[in-house]
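The values are calculated or read from the model by the stated rules, or taken from the named source; none is laboratory data. This one's a predicted model, so the numbers in the text were calculated from it and none came from an experiment. With ideal geometry, Cβ positions are generated from the backbone for all residues, glycine too; neighbour counts draw on all protein chains shown. Each accessible area value is taken on the protein alone, full model and side chains, heavy atoms only, with ligands, DNA and RNA left out. Shrake-Rupley method; radii C 1.70, N 1.55, O 1.52, S 1.80 Å.
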Amino acid sequence: MLIRTMTVLENTGKADPSAFELVTAKAQVNAVRVIGQNIEPSDRELLVLLTRHSLWQKPASRESSNRAHDAKVRKVAGQLAAEHTQLAQSVTEAARQIGVDLPSEPTTEQKSWANAISSSSGEELDSMYANLSRAADGSLINQVAHARATTRNVPARIAAQTALTVLLKHMLLLESTGLVKANSLQMTDIPALTQPKASSSPPPTDDSSTSVGFLTGIAVLVVAAAGTLWLVRAVGHHGEHRR
């Protein structure tokens, strides 16, 4: 409801995203000129982060949908793989519109997560996949909610809206397996996305389930209150890898 209210208010044409302050001293950055447009570094970083996330999550989910021991994990993994295809398409379209080059490979750390899943089997694979995937999704939620609330770039806002809905939905699905550990998300001091400052009109919001809509509102409130980031660094299995 909160994020829908934000969209309604933005559609009045009177809302100023710069009023959404998360820190006392707001960072000032120069816009990057790409293909004749002023593109905020934060918009570029958002699209790159989402692309890399799908680059490791999609194949890991596809593999888990075939190899997982538990039928529920196989079903959840199959759904995540399909929806990461849709998310990647949304991000690619936004990047095309604003002229951002996207990476073709995930990060070294993300590759290590995929390798941890591939090298495991049976119940260990189920737990490894559920916890690593949920932690990776959770690590991006605050960043994506921040980008959704502050960007003035229409394509970037559409991508952020789609990603926020997908990430929260996927966390719910992964938690429904009953394998997620309470400590699978860890706080870090990694710097947040740079603050945007270009201007544009907002797009319409996507409809989602009541649960996802509720969690989306929570995500936005968390961002507004703290502006902190989530980033996975460990999962409590011996198959875990680090960069």
Residue in region 89-102 that is within 20 Å of Thr162 (Cβ to Cβ), among the hydroxyl-bearing types (Ser, Thr, Tyr) and touching a helix residue (DSSP H, G or I) at 6+ places or on another chain (Cβ under 7 Å) present | yes
Filtering region 90-100 down to residues that are over 18 Å from the mean Cα position of the chain (by Cα) and at negative phi yields Arg96, Gln97, Ile98
So His69 clears everything in (1) more than 30 Å from Ile3 (Cα to Cα); (2) touching a residue at least 24 places away in the same chain (Cβ under 8 Å); (3) part of a helix (DSSP H, G or I) except one condition, right? Which one?
-> (3)
Hits in region 102-139 (condition: in a loop (DSSP other than H, G, I, E, B) and open to solvent by 10 Å² or more (accessible area, probe 1.4 Å)) | Leu102, Pro103, Ser104, Glu105, Pro106, Thr107, Ser119, Ser121
Subset of region 151-160 that is surrounded by 24 or more Cβ atoms within 10 Å (Cβ to Cβ) and touching a residue at least 60 places away in the same chain (Cβ under 8 Å) - its residue that is farthest from Ala95 (Cα to Cα) = Thr151
In region 107-136, which residues are closer than 12 Å to Ala60 by Cβ and among the acidic types (Asp, Glu)?
-> none
Evaluate region 67-86: report whether one residue or more is open to solvent by less than 20 Å² (accessible area, probe 1.4 Å), at pLDDT 95 or above and closer than 26 Å to Ile39 by Cβ.
-> yes
